[in-house]
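Participant: First the structure, then my questions, so here it is.
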Amino acid sequence: MIEVRGLTKRFGSQTVLEGIDLRIERGESLVIMGRSGCGKSVLLKHLIGLLQPDEGSVIVDGQDITRMDERRLLEVRRKFGMLFQSAALFDSLSVAENVAFAFRNRRDLTPGEIARRVAEALELVDLPGIENKRPAELSGGMRKRVGLARAIVYRPEILLYDEPTSGLDPIVSDSIDQLIIRIRDHLRVTSVVVTHDMRSARRVGHRAALLHEKRIYAVGPTEAIFASTDPVIRRFIDGVSDPKHPDF
Ligand SMILES: Nc1ncnc2c1ncn2[C@@H]1O[C@H](COP(=O)(O)OP(=O)(O)OP(=O)(O)O)[C@@H](O)[C@H]1O
């Protein structure tokens, strides 16, 4: 579904990603893990064409999106839904207006059809009937669910999650993970989940990739990565710093 080939990204003199190769199969969920600031969000933004690589390419469903013009890129982006780290809801809009945001320019859908699709998306994230609430009235976990409803309302083929469980307690995190799994299986979407929540990674990922020092250090079935004895992978998974190199 997505293929990244030899992707290198620099910001000024800082190289953030170097020679990244990654394949994401249709219908699978891939977890991308790595230290804070290692470039996970930057990689995610390349998958949807929000950033352009300095070298290499990104192929989505057979189409090279690198250096694609904005009009064709918009077409490709319709395949994607994205759940941002902060859920990114508009506080001045109701839940229904937030969830329906992607439909604001669609003349082919009646208000009744939009309301039905919004209700269906809210149902799928276990928040039926909260259309008229405001984001400020919701807990952090509920806001994430509304963000997820907004991401799935137009039935994307690929869902990108940027830290879906950050800032949530373990119980709410588990419920978000269960939703990610349910949506993946129910809507048959390809999922890419950026996280440094190890429990969440283990629950939702068919495969896991560890980004380290600008490269994909390891990628494989999640259980194999978690069972690895490689010292870099172990330190990351067990959350143990290296006394000789506290920053690594
Ligand atoms: N638009 C930008 N302009 C300049 N530098 C940027 C830009 N976006 C990201 N960076 C830099 O790229 C590096 C990687 O950032 P990124 O947000 O991808 O990290 P991350 O792995 O997602 O971190 P975290 O886990 O803390 O969210 C950082 O050093 C950041 O400052």
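The values are calculated or read from the model by the stated rules, or taken from the named source; none is laboratory data. Bear in mind the structure is a predicted one, so any value in this text is a computation, not a measurement. Here Cβ is always computed from backbone atoms with ideal geometry, including for glycine, and neighbour counts include all displayed protein chains.
Participant: Taking K40 as meeting all but one of (1) closer than 27 Å to R188 by Cβ; (2) among the basic types (K, R); (3) at pLDDT 95 or above, write down the number of the exception.
Facilitator: (3)
Participant: Would you check which residues across the range 107-162 are aromatic (F, W, Y) and touching a Lys or Arg at 6+ places or on another chain (Cβ under 8 Å) and list them?
Facilitator: Correct list: Y154 only.
Participant: Okay, next question. Quick one: count up the residues across the range 187-214 that are more than 13 Å from the ligand (Cβ to nearest atom) and in contact with a Gly (Cβ under 8 Å, 6 or more places away or on another chain).
Facilitator: 6
Participant: From the set of residues in the range 1-40 that are free of Cβ contacts under 8 Å to residues at least 24 places away in the same chain and not in a strand (DSSP E or B), which is nearest to the ligand (Cβ to nearest atom)?
Facilitator: Selected residue: G37.
Participant: Do we find that S200 is under 27 Å from A151 (Cβ atoms) and in a strand (DSSP E or B) in this structure?
Facilitator: no
Participant: Hey, V58 hits all of (1) in contact with a Gly (Cβ under 8 Å, 6 or more places away or on another chain); (2) aliphatic (A, V, I, L, M); (3) farther than 26 Å from M33 by Cβ but one; which does it fall short on?
Facilitator: With (1) in contact with a Gly (Cβ under 8 Å, 6 or more places away or on another chain); (2) aliphatic (A, V, I, L, M); (3) farther than 26 Å from M33 by Cβ applied to V58, the lone miss is (3).
Participant: May I pose another question? If you check G56 against the conditions, is it out of contact with any Lys or Arg (no Cβ under 7 Å at 6 or more places or on another chain), in a strand (DSSP E or B) and under 23 Å from T190 (Cβ atoms)?
Facilitator: No.
Participant: Are any residues in the range 41-53 touching a residue at least 40 places away in the same chain (Cβ under 8 Å), near the ligand (Cβ under 9 Å from one of its atoms) and touching a Lys or Arg at 6+ places or on another chain (Cβ under 9 Å), and if so, which ones?
Facilitator: The answer is L43, L51.
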